[in-house]
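Below: the structure, in structure tokens.
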Amino acid sequence: MKYSFLFLLSIIFTFSLSAQNITVIGKLVSSDNDGLPYATISIAESSSPDISIKKLATKENGEFSASLEKGEYLFTFNFVGMDDAVETIDLTQKDKTFDIGTVTMIESSTELDELSVTAQRPLVKVEIDKLTYSAKDDPESSTSNVLDLLRKVPLVTVDGEDEIQLKGSSNFKIYINGKPSNMVSNNPSQVLKSMPANSVKDVEVITDPGAKYDAEGIGGIINIVTDKRVDDGYSASIGANGDTFGGYGANAYLASKYGKIGFSGNAGYYYHNQPESESNFTRDEFDPYPNRLIQNGTTKSNGGGLFLSGTMSFEPDTVNLFNISASRFGGEFKSLSSTMASSVGIRPYSYNTSSNSIANYGGINLSADYQRSFKKKGEMLTFSYRFENDPNDSEFDSEYNNVEGDFYYETGYKLKSSNSAGGQEHTTQLDYVNPLSNKHSIELGLKYIFRDNSSRGNHTYYDVTDGIWHPDLDRKNDLDHKQNITSGYLGYSFKTRKAGFKIGLRGEHTLQDILFMSSSTDSIKTNFFDLIPSATVSYQIGMTQNIRAGYNMRISRPGIWYLNPYINNMDPSNISYGNPNLDSEQQHNFNINYGSFAQKVNFNATLTYSFAQNAVSSRSFIDGNGVTNNTYANIGKNQTVGTNIYVSWTPTSNIRTYLNGGMNYTDIKSNDDSGLSNSGFSGRAYAGLTYTLPHDIRLGANGGLFMNRIQLQTVQSPFYYYSFSLMKSFLDKKLDITLNTQNVFSKYREISSTTTGVGFSQKSISLNPVRNIRLSITYRFGDLKASMKRVQRGIINEDVMQGESGSQQGGTTSTPES
């Protein structure tokens, strides 16, 4: 009885204490309304602001709660890279629960001392239809370029030849700030090399593009979001780099905002120099007569490019926003090659040849947007216009010497060829978003695209007999290709605290007009309609875990690169050309994704399945003259099962490791009479480690491994590459100097590919120089005019919250390193 009485007394005493306390709740967010996880909150009494009576950390979604007695308090919020926020909370007249609402923190333009770092953002964030990689929180982004940054992004791989793949596919679209850019998609490696990584805020991998996105891009969409200031002031950087190959580059970045006008811009130049590489090509013919062709050659190349971009915004009031942007990229690539060839069998001959080629590429992009907001939060109407011009010109000349046997040309024969190709694109778009309630939202829009592609060639040959250059009319093969694409979409989304789904339907009508101009003129007019569904569902398993599944259909309309009938016969034994009769490719994609974020480990895994019935595939065959023809055709019937895993682990505050990779199994068959088929596993992995030493010194090691690549007729050999880096910061972390070495223990990398077809098999081997050392320097500067805001809130939440929901976390918490 005595113990029962004491127990009852303790319960009454506990309730009496809790009745005197008030639970303060709220949410800490960034300027883009993202919850800030594990931020530090210090609480002090107003009478003694320098004495902290309680410390706690926010939850993964930025929410927090604290139990306090009645009184007046100062809440100080601290998060790395943000200005401290201070809230004055008066609880003298409050009861039970007080909701202070949302507290917004502003990014700081000043560098923080290394010892003040108490919490960091996760590098990868999972949303219902995409994965987001935080470039601003990558410690190596200060001196690297965007192409290097993509190597670390989940589901994205960049191989040793700088070729980008999304989920193991080279067919995808690249967006800049939510808008498609053919200029970047056509020349991704060159453009992204010229963009400094510190000008990028996020890289979004949109694996489940909703109805509002164009259906083009089989693998999905990579959206590069550039950094913009949200407060008055400016921030800028300048950089330069050079390597032992003889390449060099420079870049500049500026972001500013003064009052209602904001501006951000990039400028970058690079010069690429590739030392001499060696190659071997062997082709064996079996049917109807045996023959072997062997070619040994060397190639060296160089070239440069200039990239300029700028975006200006004007916000006259809180409901209207105007944006204009312009970008320009142009470059030239030169190549000098020499080849010794010999053929034995039914066609015996030998020759030597030397060739020069020049490729000019680039583009101009102009866009303007008007955005209208409404009283309802999140309701928005946007009108956009975009113009793009993408030239793609090339030329070559070849000379043949020491010709013996039954070859096409005689000694002294010369060829010249030039091709002027490219296209223009006009796009108008209207989008509307309406959040009907906290749970329901709809989006709808209309879009029109006009594309005008063309190709013009000029071919001449040098007649050894009369010593005169003559036009080669037999090689004339010009093209005009126009597309009119009209589309509309409707999407609906529903979300609760833990679950959500998003569905959409998009319709696209394409009208094509193709005009061939060769020895005769032919015209083809086609039109087709695609109905593209999409659906995504997500569920939050716990505070730090979620799972989502999705389906979408993607289409690929072949561009001028695939359609261009211009014949490149710089090597007369191996010619290549496009196919203007290609149809659009349709692919169906299914995926399941699991993501987990903890204080030290960020984990993401994806399982995908996709299939296509009319895939555009590379096609190689030998004609009656023993020439290998390389082109494209809708002959692929494929299905792929794949996985991708991303892991980031931060065991201590100065060590960060990550792994990004995946594996696919592909089964592909031709749907024509050739009977071609291929299947097998392909994989890719990229891993790295960063170790931070005292005195602002960082050590890094990165490496990549790529397994066989499966295509209809071709299998590529596996290869690997690696790099080491040393970075030191000076001048209060305003100046960064990085020394990077690539493949320091290997002078050459050998890559081979084997292609098989009806009656033949061919193998090419290339030895490319890879040992390289690069020095990069970046200097950052700027100012900040925004001051810390001290806001007093007096809003009473009528809902009564029970308990403190895990807010009693002392000290600070460390998450994946920024």
Handout entry: Near pairs, Cβ below 7 angstrom, 6+ apart or cross-chain, from segment 722-743 (among the charged types (D, E, K, R)) to any residue that is assigned to a strand (DSSP E or B)
Key = 728/697; 728/737; 734/779; 734/780; 734/781; 736/727; 736/729; 736/778
Practice task
Only one of these is among the charged types (D, E, K, R) and farther than 30 Å from residue 275 by Cα: 292, 347, 328. Name it.
Solution key: 347
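Do the conditions hold for residue 733, that is, is it over 27 Å from the mean Cα position of the chain (by Cα), among the charged types (D, E, K, R), over 26 Å from residue 594 (Cβ atoms) and in a strand (DSSP E or B)? I'd like the intermediate steps shown before the answer.
Values: over 27 Å from the mean Cα position of the chain (by Cα): yes; among the charged types (D, E, K, R): yes; over 26 Å from residue 594 (Cβ atoms): yes; in a strand (DSSP E or B): no.
Considered against the rule, which asks whether it is over 27 Å from the mean Cα position of the chain (by Cα), among the charged types (D, E, K, R), over 26 Å from residue 594 (Cβ atoms) and in a strand (DSSP E or B), residue 733 comes out as no.
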Completion exercise
Selection over segment 391-434 where residues are in a strand (DSSP E or B), within 17 Å of residue 464 (Cα to Cα) and open to solvent by less than 50 Å² (accessible area, probe 1.4 Å) yields a count of 4
Practice task
Kindly indicate which of 30, 4, 109, 116 is at pLDDT 75 or above and either polar (S, T, N, Q) or surrounded by 13 or more Cβ atoms within 10 Å (Cβ to Cβ) (or both).
Solution key: 30
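Based on this model, can you work out whether residue 388 counts as at negative phi, open to solvent by 20 Å² or more (accessible area, probe 1.4 Å), modelled with pLDDT of 90 or more and of a type in the set (Asp, Glu)? Steps first, answer last, please.
Working: at negative phi: yes; open to solvent by 20 Å² or more (accessible area, probe 1.4 Å): no; modelled with pLDDT of 90 or more: yes; of a type in the set (Asp, Glu): yes.
So residue 388 does not fit the description; no.
Collect the residues in segment 372-384 that are over 23 Å from the mean Cα position of the chain (by Cα) and either open to solvent by 50 Å² or more (accessible area, probe 1.4 Å) or in contact (Cβ under 8 Å) with a residue 60 or more places away in the chain (or both), keeping them in residue-number order. Quick ask: steps written out before the conclusion?
Here is the first cut: in segment 372-384, the residues over 23 Å from the mean Cα position of the chain (by Cα) are 372-383.
Within segment 372-384, 372, 374, 375, 376, 377, 378, 380, 381, 383 qualify.
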Fill in the blank from the handout: For segment 198-226 the number of residues that are more than 17 Å from residue 129 (Cα to Cα) and buried (at least 23 other Cβ atoms within 10 Å of the Cβ) is 3
Fill in the blank from the handout: Result of the Cβ filter at 6 Å on segment 452-469, keeping first residues that are open to solvent by 70 Å² or more (accessible area, probe 1.4 Å) and partners that are in a strand (DSSP E or B) and not polar (S, T, N, Q), at least 6 apart or interchain, is 456/478; 469/462
Completion exercise
In the set 322, 314, 383, the lone residue that is touching a Leu at 6+ places or on another chain (Cβ under 6 Å), farther than 30 Å from residue 249 by Cβ and among the hydrophobic types (A, V, I, L, M, F, W, C) is 383
Practice task
Search segment 632-654 for residues being more than 23 Å from residue 716 (Cβ to Cβ) and of a type in the set (Val, Ile, Thr), and hand back the single one that is surrounded by the fewest Cβ atoms within 10 Å (Cβ to Cβ).
Solution key: 652
Fill in the blank from the handout: Within segment 275-289, residues being open to solvent by less than 30 Å² (accessible area, probe 1.4 Å) and farther than 24 Å from residue 759 by Cα number 1
Exercise for the section: Keeping to segment 344-371, report how many residues are open to solvent by 50 Å² or more (accessible area, probe 1.4 Å), among the β-branched types (Val, Ile, Thr) and under 30 Å from residue 624 (Cβ atoms). Expected result: 2
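Per-residue answers, yes or no, for (1) open to solvent by 40 Å² or more (accessible area, probe 1.4 Å); (2) β-branched (Val, Ile, Thr):
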residue	(1), (2)
553	no, no
562	yes, no
584	no, no
590	yes, no
606	no, yes
615	no, no
630	yes, no
656	no, no
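Given 306, 293, 336, which one is more than 30 Å from residue 351 (Cβ to Cβ) and modelled with pLDDT of 90 or more? Give the derivation first.
On the way: 293 fails: more than 30 Å from residue 351 (Cβ to Cβ); 336 fails: more than 30 Å from residue 351 (Cβ to Cβ).
Criteria check complete, one pass: 306.
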Practice task
State all residues of segment 79-98 that are surrounded by 19 or more Cβ atoms within 10 Å (Cβ to Cβ) and not in a loop (DSSP other than H, G, I, E, B); if no residue qualifies, say none.
Solution key: 82, 85, 87, 89, 98
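Could you please find all residues in segment 672-695 being in a loop (DSSP other than H, G, I, E, B) and open to solvent by 50 Å² or more (accessible area, probe 1.4 Å)?
Quick first cut of segment 672-695, residues in a loop (DSSP other than H, G, I, E, B) only: 672-676, 694-695.
Listed by number, the residues that qualify are 672, 673, 675, 694, 695.
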Exercise for the section: Kindly indicate whether any position in segment 520-532 is out of contact with any Gly (no Cβ under 6 Å at 6 or more places or on another chain), under 20 Å from residue 173 (Cα atoms), open to solvent by 20 Å² or more (accessible area, probe 1.4 Å) and assigned to a strand (DSSP E or B). Expected result: no
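Considering 682, 674, 618, 670, which residue is within 26 Å of the chain's Cα centre (by Cα), small (Gly, Ala, Ser) and over 30 Å from residue 740 (Cα atoms)?
Values: 682 fails: over 30 Å from residue 740 (Cα atoms); 674 fails: within 26 Å of the chain's Cα centre (by Cα); 670 fails: within 26 Å of the chain's Cα centre (by Cα).
Matching residue, one of 682, 674, 618, 670: 618.
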Problem - residue 513 open to solvent by 40 Å² or more (accessible area, probe 1.4 Å), of a type in the set (D, E, K, R) and part of a strand (DSSP E or B) - result: yes
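Need a quick list: strands (runs of 3 or more DSSP E) entirely within segment 745-818 having at least 2 residues that are more than 30 Å from residue 670 (Cα to Cα), among the polar types (S, T, N, Q) and at pLDDT 90 or above. Even if it seems obvious, please write down each step before you answer.
Values: elements: 748-757, 760-769, 772-784, 790-792.
Filter on segment 745-818 gives 772-784.
The values are calculated or read from the model by the stated rules, or taken from the named source; none is laboratory data. Because the structure is predicted, anything quoted here is derived from the model rather than measured. Ideal geometry is used to build each Cβ from the backbone, glycine not excepted, and the neighbour counts take in all protein chains shown. Please note that ligands, DNA and RNA were not included when accessible areas were found on the heavy atoms of the full protein model with its side chains. Shrake-Rupley method; radii C 1.70, N 1.55, O 1.52, S 1.80 Å.
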